[in-house]
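A.B. asks: Here you go, one structure.
The values are calculated or read from the model by the stated rules, or taken from the named source; none is laboratory data. The model shown is predicted, which means the values in this text are computed figures rather than measured ones. Cβ placement follows ideal geometry from the backbone for every residue including glycine, while neighbour counts extend to all protein chains displayed. Quick note on the areas: whole protein, heavy atoms, side chains included, nothing else; ligands and nucleic acids left out. Shrake-Rupley method; radii C 1.70, N 1.55, O 1.52, S 1.80 Å.
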Amino acid sequence: MEREDPKLQQERRLILGLIGTSVGFATLSALLVARDLIPPASRSPDKLPPQVGDFLVYATGHNQGTPIDPQSLPLGGPMVLAYPMEPKTGTVRSGDPRNTLLALRLDPNRMAPLVKAHAAGDLVVYSAVCTHLGCIVSLWHAGQEVMQCPCHGGEYNPFTDQVVAGPPPRPIPLLAVAVQGGRVVVTGPFTGPVGVQNG
């Protein structure tokens, strides 16, 4: 039995290697093209974050789902839990806990400039999601005028948008709003990321 010429063996290995590399690149290219053909995952309207033009509705209580009349909120707290609602369809954006909001009325003369810039007169709206572990900030301490998370005691000053006690690493963001036709309307994005941030 004759042994194959070493030069032919080397050429055969080179050709097989080139064919393998070409097949690999062709497969990768096909996968990249296929990825671009798959439509991006869409979120249902109830899970979208607050959109400009949404108005706020009560998230709980006997008024749940009805628009918040800012004048019905007591000046100086407490806050009420709210959700944004898409005005055309009436879809309440309650499908994502990060859409839970806090609405309260405060003395504008005591608001820090950042808070006042996002307020609608004496009305401010914050994310209700604690920046520590994502619980819902839902307690109001009238004596100290702070909002508190019931999970680990994080406290937020709504006049200054600052953490004043507990483990939260940063303040909860404000949502830009206006009062139009007796309703609280979203006019812009949050001042920062909502909830817990990794990294």
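A.B. asks: Please work out which residue is surrounded by the fewest Cβ atoms within 10 Å (Cβ to Cβ), limiting yourself to region 119-147 and to residues that are of a type outside the set (A, V, I, L, M) and under 14 Å from the mean Cα position of the chain (by Cα). Give the derivation first.
C.D. replies: Filtering region 119-147 down to residues of a type outside the set (A, V, I, L, M) leaves 121-122, 126-127, 130-132, 134-135, 138, 140-141, 143-145.
Next, from what is left, pick out any that are under 14 Å from the mean Cα position of the chain (by Cα): 126-127, 130-131, 134-135.
Values: TYR126: 24, SER127: 26, CYS130: 26, THR131: 24, GLY134: 14, CYS135: 17.
Checked region 119-147; the qualifying residue surrounded by the fewest Cβ atoms within 10 Å (Cβ to Cβ) is GLY134.
A.B. asks: If HIS62 satisfies every condition in (1) within 17 Å of VAL125 (Cα to Cα); (2) assigned to a loop (DSSP other than H, G, I, E, B) but one, which is the exception?
C.D. replies: Of the numbered conditions (1) within 17 Å of VAL125 (Cα to Cα); (2) assigned to a loop (DSSP other than H, G, I, E, B), the odd one out for HIS62 is (1).
A.B. asks: Still on this structure, I have one more. Within region 101-147, which residues are of a type in the set (Asp, Glu) and free of Cβ contacts under 8 Å to residues at least 12 places away in the same chain?
C.D. replies: The initial filter retains those residues of region 101-147 that are of a type in the set (Asp, Glu), namely 107, 122, 145.
Hits for region 101-147: nothing passes.
A.B. asks: Would you confirm whether any residue within region 19-42 is at pLDDT 95 or above, under 32 Å from the mean Cα position of the chain (by Cα) and among the aliphatic types (A, V, I, L, M)?
C.D. replies: Keep residues of region 19-42 that are at pLDDT 95 or above, which gives none.
No, because not a single residue in region 19-42 is at pLDDT 95 or above, under 32 Å from the mean Cα position of the chain (by Cα) and among the aliphatic types (A, V, I, L, M).
A.B. asks: Which residue pairs have Cβ atoms closer than 9 Å, lie 6 or more positions apart in sequence or on different chains, and pair a first residue in region 177-189 that is at positive phi with a second residue that is of a type in the set (Asp, Glu)?
C.D. replies: GLY182/ASP69
A.B. asks: What strands (runs of 3 or more DSSP E) lie completely within region 151-198 and have 2 or more residues being open to solvent by 70 Å² or more (accessible area, probe 1.4 Å) and closer than 25 Å to HIS141 by Cα? Outline the logic, then answer.
C.D. replies: Numbers: elements: 155-157, 162-165, 175-180, 183-190.
The qualifying strands (runs of 3 or more DSSP E) are 162-165.
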